[in-house]
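Shown next, in structure tokens, is the structure this report addresses.
The values are calculated or read from the model by the stated rules, or taken from the named source; none is laboratory data. For clarity, every value in this text was computed on a predicted model and none was experimentally measured. Glycine gets a Cβ as well: all are built from the backbone with ideal geometry, and neighbour counts include every protein chain shown. Heads up: the accessible areas ignore ligands, DNA and RNA and are worked out on the full protein's heavy atoms, side chains in. Shrake-Rupley method; radii C 1.70, N 1.55, O 1.52, S 1.80 Å.
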Amino acid sequence: MLPQDDKLQISHLSSVFNNTTATYKFYWFVSILDLLVKEGKTHMTFWEIISGMIAESWYPIHYFRLSFGKSDSLNDSSVCLQKQMDIPIDANQLELKKTINQNLGDTRVKSVLRVFTKNVPYRFLSPWITYTYDADVVAKSQVFYNDCLYAIKDNAIEINPIWKDYLTEHYSILRDFAFWNLTLFLQKRNPNVPDVPSKLVKPIQRDSLTKQRKFWNTYISSVGSMRCIYTGKPLLSGSYDLDHFIPWSFVSHNLLWNLLPADPSINSSKSNNLPELDVFLRPFAMQHRSALTVLYPKKPNDTIFEDYLTIYDSLPDLLRLSEDDFCNVFRKTFAPMVQIAENMGFQYWRKL
């Protein structure tokens, strides 16, 4: 439920995302809120709003590779802009908006974005103004018919003054409202993707890997050294990077069974790419089997071992498995994830 207001028809605002078939309305609304609250604008052009839409949706599209659905143009438009302007996939949101706005004079850029000027500005107002045709919506909006949220004037909008204070005061709640509905929308289109809500925005900071690094340092100290499964180089305690076997951008977690020490050169080259399971799964699983065999008996109550309970019910039973059966546990875990990630557009890492 959105906060109520005796002077406003909150029920209309609450229904803006009903019967939504694409992500446009979610990002349109969030961009309007940001321009109003962060930049103090009550008059904003379609292009300003659209650049905010692109910036807000950039990370889930390019980094997490979420599917927005076949009828949604945000993905294709964003990919096209990234190629045209060579923008990094993890670009800062403010820099993204600045770059897009600075390139609106480029006819190629504007042609990519023009699709978002055709429907969403008008159909967003459907709870207040029953849609018939664009000109009718424009005319009614300009007199703030039915206390609609904004007026449309010459490829720009003007926030209805009676809504300004409400939108500003409840900015955080309204953004959460938009993202909650966006999550429900995207979960239906990404049913097998883990942790969709955390993939809608760029994380401010990744969780620390301190306890995972301590685990592998202890193992390496116990056995003397281990070899990188990718390069074959020896790894010493503290002289390695922790590699997410399946990219963090897909799994969105730091569970121990997906982490392994690797030569520092690997993190930059493997990056967000997938491992070839036929090549790397067995050596990966065998390193984990060795580490568990050495460390679990010494400290079986250490909570770090609970990570493995998400792929097998019992650590003692897991360690009693043969090498082949142990590998099969890992294969059953990783093979479906790799297939889903591949379907989403993740590429395989090719060893140089």
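Things to note:
- When Asn272 is tested against (1) in a helix (DSSP H, G or I); (2) under 31 Å from the mean Cα position of the chain (by Cα), exactly one condition is not met: (1).
- Within the range 194-218, if we keep just the residues that are over 19 Å from Phe68 (Cβ atoms), hydroxyl-bearing (Ser, Thr, Tyr) and free of Cβ contacts under 8 Å to residues at least 60 places away in the same chain, the residue that is most open to solvent (accessible area, probe 1.4 Å) turns out to be Thr210.
- Of the criteria (1) surrounded by 13 or more Cβ atoms within 10 Å (Cβ to Cβ); (2) over 17 Å from Trp216 (Cβ atoms); (3) free of Cβ contacts under 8 Å to residues at least 40 places away in the same chain; (4) within 25 Å of the chain's Cα centre (by Cα), which one Asn343 fails: (1)
- Within the range 69-84, the residues that satisfy the criterion of being open to solvent by less than 30 Å² (accessible area, probe 1.4 Å) and either at pLDDT below 90 or among the hydrophobic types (A, V, I, L, M, F, W, C) (or both) are Gly69, Asp72, Leu74, Leu81.
- Options Leu66, Leu36; residue that is in contact (Cβ under 8 Å) with a residue 24 or more places away in the chain, outside any loop (DSSP other than H, G, I, E, B) and either of a type in the set (D, E, K, R) or buried (at least 16 other Cβ atoms within 10 Å of the Cβ) (or both): Leu36
- Within the range 1-10, the residues that satisfy the criterion of being open to solvent by 50 Å² or more (accessible area, probe 1.4 Å) and either free of Cβ contacts under 8 Å to residues at least 24 places away in the same chain or in contact with a Leu (Cβ under 9 Å, 6 or more places away or on another chain) (or both) are Met1, Gln4, Asp6.
- Sole residue being among the aliphatic types (A, V, I, L, M), under 15 Å from Lys97 (Cβ atoms) and touching a Ser or Thr at 6+ places or on another chain (Cβ under 6 Å), chosen from Met53, Met44: Met53
- Among the residues of the range 219-250, those identified as in contact (Cβ under 8 Å) with a residue 40 or more places away in the chain and either assigned to a loop (DSSP other than H, G, I, E, B) or buried (at least 18 other Cβ atoms within 10 Å of the Cβ) (or both) are Tyr219, Ile220, Met226, Ile229, Tyr230, Phe245, Ile246, Pro247, Trp248, Ser249, Phe250.
- Residue in the range 85-108 that is open to solvent by less than 50 Å² (accessible area, probe 1.4 Å), under 22 Å from Ser15 (Cβ atoms) and of a type outside the set (Gly, Ala, Ser) present: no
- Being touching a Pro at 6+ places or on another chain (Cβ under 9 Å), open to solvent by less than 30 Å² (accessible area, probe 1.4 Å) and either part of a helix (DSSP H, G or I) or under 19 Å from Gln102 (Cα atoms) (or both) is true of Leu13.
- In the range 116-127, of all residues being among the aromatic types (Phe, Trp, Tyr) and touching a residue at least 40 places away in the same chain (Cβ under 8 Å), the one that is nearest to Ile50 (Cα to Cα) corresponds to Phe116.
- Between Asp313, Asp317, the distinction of being over 18 Å from Gln212 (Cβ atoms) and modelled with pLDDT of 95 or more belongs to Asp317 only.
- Scanning the range 295-352 for residues that are among the small types (Gly, Ala, Ser) and in a helix (DSSP H, G or I), we see that the one that is nearest to His253 (Cα to Cα) is Ala341.
- All conditions but one from (1) closer than 24 Å to Thr21 by Cβ; (2) surrounded by fewer than 19 Cβ atoms within 10 Å (Cβ to Cβ); (3) touching a helix residue (DSSP H, G or I) at 6+ places or on another chain (Cβ under 9 Å); (4) of a type outside the set (Lys, Arg) apply to Pro191; the one that does not is (3).
- Residue ID - most open to solvent (accessible area, probe 1.4 Å), chosen from residues in the range 251-288 that are under 19 Å from Ser225 (Cα atoms) and of a type in the set (S, T, N, Q): Ser265
- The range 128-144 residues that are touching a residue at least 12 places away in the same chain (Cβ under 8 Å), paired with ones that are among the polar types (S, T, N, Q) and part of a loop (DSSP other than H, G, I, E, B) (beta carbon under 6 Å, 6 or more apart): Phe144/Asn160
- Boolean, Lys351 is open to solvent by 10 Å² or more (accessible area, probe 1.4 Å), basic (Lys, Arg) and farther than 19 Å from Tyr230 by Cα: no
- Looking only at the range 131-167, residues that are open to solvent by 80 Å² or more (accessible area, probe 1.4 Å) and in contact with a strand residue (DSSP E or B) (Cβ under 7 Å, 6 or more places away or on another chain) come to 2 in all.
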